[in-house]
Amino acid sequence: MTQAVFAIPGDKDRRTGGFIYEARVLHELNELGCTTQHLQLPGSFPDPTAADMEATINALCAVPQDQPIILDGLVFGAIDPAGLARVSAPVIAMIHHPLGLETGLPKTRADFLLRNEAAALRHTDHVIVPSLETARILCRDFGADADRVTVAPPGFDRPTVHRTPTTPPLILSVGLLAPRKGHDVLLDALGQLENLSWRADIVGKTYDPDYAYALDRQVHTLGIATRVTFSGEIEQDALTTRFNAASVFALATRYEGYGMVLNEAMFYGLPIVSCSVGAVPETVGDAGILVPPDDAKCLADALRQIIENPAEADRLSRLSTQRARALPHWRDTARVFSSVIGRLGSQ
């Protein structure tokens, strides 16, 4: 008997943090015996056509009222609140971070999404978030009821670690080629390190073609095109090889609702350089150097500090490994979901 439905737009196996999180939770729920059906919604969210919105509302309304629906945040933030109000099954919003906080949105679009998500929350039975930071934002700025918000940090598989740092030192960054990830700031910082020996690899699928094109032009303008590689989306084995080869992990992000890749890098004992935004301080703790967002000089100084100071790099590496050991497994994350499903399903 189906106990819950996990509604995800498009291909649930896309290799980005939010989709990795949801696909693993879906798998682990079923492994736990909490039978959860995957409901594939149109892949056009968060910018659905009118037809896709109608199809989505109809699909959600068709779910039996005793089966809680876990609704992916890309859908939840953009869904028609009036349509959501028609759904009879309990709705659990899975919000990685509010859609209106995405970097680079036109103001009218951002304002609409912020209002829309606040309205949708009024028709939600529970909310699951990956971090305390996202929970705080939803309660403070969106009117969410703290008693109906549960934090379920992502789980992590324990990788095979055989660190073999390359020469020159590899600065690794992993994230979609989208403005929020701040790769343009990282490139500006790298341009200030011309007197150091290093190479950099930016791994991530193109999300915004215009931004990706601008990044390619930027490395040529800065004169670092021969030292920076854009590897695109790669398989896990290839990513593991890069983590093992790297000397430092850098992500100049402008906002993170959690930042799973930061923790992933910490399993390899990598010193972290990132920004003091969103949930990043909560995620990284004392295992890295955090600088203000959009501050290429501070980012360059932090990278220089690690590359030029082996003792500091070793200290941060030990802290990364120590914090990673305490991180949950995916089964732990799924148990949090199972508990929420059990409470709502029995009401």
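Values computed for the structure shown
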read-out: Residue match in the stretch 190-204 (condition: within 29 Å of residue 13 (Cα to Cα) and polar (S, T, N, Q)); value: no
read-out: Among residues of the stretch 308-347, those that are among the β-branched types (Val, Ile, Thr) and either at pLDDT below 95 or surrounded by 19 or more Cβ atoms within 10 Å (Cβ to Cβ) (or both), counted; value: 3
read-out: Filter result for residue 158 (under 21 Å from the mean Cα position of the chain (by Cα) and in a loop (DSSP other than H, G, I, E, B)); value: yes
read-out: Every residue from the stretch 1-48 that is without any contact (Cβ under 8 Å) to a residue 24 or more places away in the chain, surrounded by 18 or more Cβ atoms within 10 Å (Cβ to Cβ) and over 25 Å from residue 114 (Cα atoms); value: 23, 26
read-out: Members of the stretch 200-226 found to be surrounded by fewer than 18 Cβ atoms within 10 Å (Cβ to Cβ) and over 24 Å from residue 104 (Cα atoms), listed by number; value: 223, 225, 226
read-out: Residue within the stretch 306-320 that is in contact (Cβ under 8 Å) with a residue 60 or more places away in the chain, in contact with a Ser or Thr (Cβ under 9 Å, 6 or more places away or on another chain) and under 24 Å from residue 21 (Cα atoms) present; value: no
read-out: Wholly enclosed helices (runs of 4 or more DSSP H) of the stretch 51-150 bearing at least 1 residues in the same structural domain as residue 9 (by TED's automatic domain parsing) and under 22 Å from residue 253 (Cβ atoms); value: 73-76, 107-121, 132-141
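The rows are residues; the columns are (1) more than 25 Å from residue 204 (Cα to Cα); (2) at pLDDT 95 or above; (3) part of a strand (DSSP E or B).
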position	(1), (2), (3)
6	yes, yes, yes
27	no, yes, no
30	yes, yes, no
33	yes, yes, no
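The values are calculated or read from the model by the stated rules, or taken from the named source; none is laboratory data. All figures in this text were calculated on a predicted structure; none of them were measured in a lab. Neighbour counts run over all protein chains shown; Cβ positions are idealised from the backbone, glycine included.
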